[in-house]
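Novice: I am attaching a structure below and will ask some questions about it afterwards.
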Amino acid sequence: MNTSPAIPAVSVAQMHGSPRRRYYTGRHLDRVHAISDLRARTHKLMPRFVLEYLEGGAGEEATLRREREAFAEWRYRPHTLVDESHRSLKRPLLGREAAMPLAIAPTGLNGLFMRHADMALARAAAQFGVPFTQSTMSNDRMEDVASIAGLRHWWQLYVFGGEEIWQELLRRAESCGCEALVLTTNSQIFGDREWDSRTRATRSRPSLATLIDAACHPRWCASALSHGMPRFANVIDFVPKDRRGFFESAFWIREQMPRSLSWNDIAKIRDRWKRPFFIKGILHPDDVRQALDHGVDGIILGSHGGRQMDWAISALDMLREAREIIGDRVTLLMSGGIRHGTDMLKALALGADGVLTGRATLYGLCADGEDGVYRALDILKEQAMNELGQLGVPSIDALGPDILRHMHAPPFPQV
Ligand SMILES: Cc1cc2nc3c(=O)[nH]c(=O)nc-3n(C[C@H](O)[C@H](O)[C@H](O)COP(=O)(O)O)c2cc1C
């Protein structure tokens, strides 16, 4: 439930709920106008335990809430009478032009939403012209994903088990042509996702209510479970044979994540991986500095979509400070809370070179597979183009913090 005063649940355009407003939840993508339509269809189609996995955050979900509130606290100060006839969202990411400054974020267990979901996400990204980041916990083989024509394929690494595992994963990522490595560092200790946990009776067994609810979603069963539960296709061979069930293997991998992961390991991985190297999950200025000292090519600010540390700030809260530290030395991306083109523009104005989307593109996936992901990307682009024009800014390169005003900033003139 939305309890944020910054984001009212009811529109001011309604009086006592009138006119009654509805999202479009049908299957005609040309009638979908916003990410919230795709989200509403996702909620119509997916069983409850899948929704808890997709939507949920850690603890009291304060970080999750903050990720949206942070956007709501910035308001635009649009210019007028600016020639807007040639605006574009194109911008280089890692030196290559992207259709817009966005990459699809790594998300694990995509096979829960539909079979071959990683392939669907990657195909849509390739067709649209943005990078796709594949998670270590993905369900399609990285070599299969890499074979998609025109794909900019980033590989996200979780460090687990001994060094030989990440060495092997990097060898494969390199040989199948991954453009960049994204090392996620904020998940060595798994976030306490209460709501997700409540859908299981034991660690390896869903509750009866979960099973009954899942059975009531035959369309989802047909699309996601036609060949049984998904497998962690890229890492399952490292898992002992008697722990290879879906939930069992997820817990086993989680248990093998070294709590001792440190900047020394970053130095080793940096030494090993010669292509662009991002660290994902940074929220403290000291860590931005450490990452720079360790020779990364990019930093991805974020709180794992509110699924790790609760009561954390959001990536947006950290952007200006991070940009000030980084200058123009490396690429600065952010992830968390992007649901509208206008969110992307705010992030760019506050210093990001680009953004990552997790749930927004997953709603598209759940709504209609590859086409739904493409539609989600297209919606974000259309909205950002429209808003850019309304802002009176001729190009995204001209976006800066001056176009925004924080709601808690003192009124002018200051006294
Ligand atoms: C269902 C789900 C699974 C995720 N799995 C991973 C993962 O395997 N690796 C990772 O680095 N981040 C993972 N994340 C975090 C995302 O990469 C991203 O940071 C986050 O979703 C951004 O917030 P947003 O969903 O509001 O866009 C996951 C997020 C979600 C929602």
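A quick yes/no check of all residues on (1) within 28 Å of residue 374 (Cβ to Cβ); (2) assigned to a strand (DSSP E or B); (3) among the acidic types (Asp, Glu); (4) touching a residue at least 60 places away in the same chain (Cβ under 8 Å):
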position	(1), (2), (3), (4)
127	yes, no, no, yes
133	yes, yes, no, yes
159	no, no, no, yes
166	no, no, no, yes
178	yes, no, no, yes
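Novice: Same structure again: Scan region 351-367 residue by residue and report those that are more than 10 Å from the ligand (Cβ to nearest atom) and buried (at least 24 other Cβ atoms within 10 Å of the Cβ).
Specialist: The answer is 352, 354, 364, 365, 366, 367.
Novice: What single numbered condition from (1) more than 21 Å from residue 336 (Cβ to Cβ); (2) without any contact (Cβ under 8 Å) to a residue 60 or more places away in the chain fails to hold for residue 51?
Specialist: (1)
Novice: Which one is farthest from residue 357 (Cα to Cα), of the residues in region 287-311 that are among the aliphatic types (A, V, I, L, M) and surrounded by fewer than 23 Cβ atoms within 10 Å (Cβ to Cβ)?
Specialist: 292
Novice: With (1) surrounded by 10 or more Cβ atoms within 10 Å (Cβ to Cβ); (2) modelled with pLDDT of 95 or more as the list, and residue 88 as the residue in question, which single condition is left unmet?
Specialist: Only one criterion in (1) surrounded by 10 or more Cβ atoms within 10 Å (Cβ to Cβ); (2) modelled with pLDDT of 95 or more is unmet by residue 88, namely (2).
Novice: Of the residues 286, 310, 293, 328, which is acidic (Asp, Glu) and in contact with a Ser or Thr (Cβ under 6 Å, 6 or more places away or on another chain)?
Specialist: Residue meeting the stated conditions: 310.
Novice: Name every residue in region 237-279 that is among the basic types (Lys, Arg) and more than 21 Å from residue 172 (Cα to Cα), in order of residue number.
Specialist: Residues satisfying the conditions are 241, 243, 244, 254, 259.
Novice: What residue, of 193, 203, 259, is under 21 Å from residue 56 (Cα atoms) and surrounded by fewer than 13 Cβ atoms within 10 Å (Cβ to Cβ)?
Specialist: Only one candidate passes the filter, namely 203.
Novice: Something else about it: Pairs, please: C-beta under 9 Å, at least 6 apart or cross-chain, first residue away from the ligand (no atom under 16 Å from the Cβ) and in region 302-331, second modelled with pLDDT of 95 or more and polar (S, T, N, Q)?
Specialist: Going by the 9 Å Cβ cut-off, the qualifying pairs are 311/63.
Novice: Tally time: how many residues in region 142-157 are among the β-branched types (Val, Ile, Thr) and more than 15 Å from the ligand (Cβ to nearest atom)?
Specialist: Residues flagged as among the β-branched types (Val, Ile, Thr) and more than 15 Å from the ligand (Cβ to nearest atom) within region 142-157 amount to 1.
Novice: Would you point out the residue of region 28-69, among those that are within 11 Å of the ligand (Cβ to nearest atom) and in contact with a Gly (Cβ under 7 Å, 6 or more places away or on another chain), that is nearest to residue 314 (Cα to Cα)?
Specialist: My answer is 67.
The values are calculated or read from the model by the stated rules, or taken from the named source; none is laboratory data. Treat the numbers as computed from the prediction; the structure is a model and nothing was measured. Every residue, glycine among them, receives a Cβ derived from its backbone with ideal geometry; neighbour counts consider all protein chains shown.
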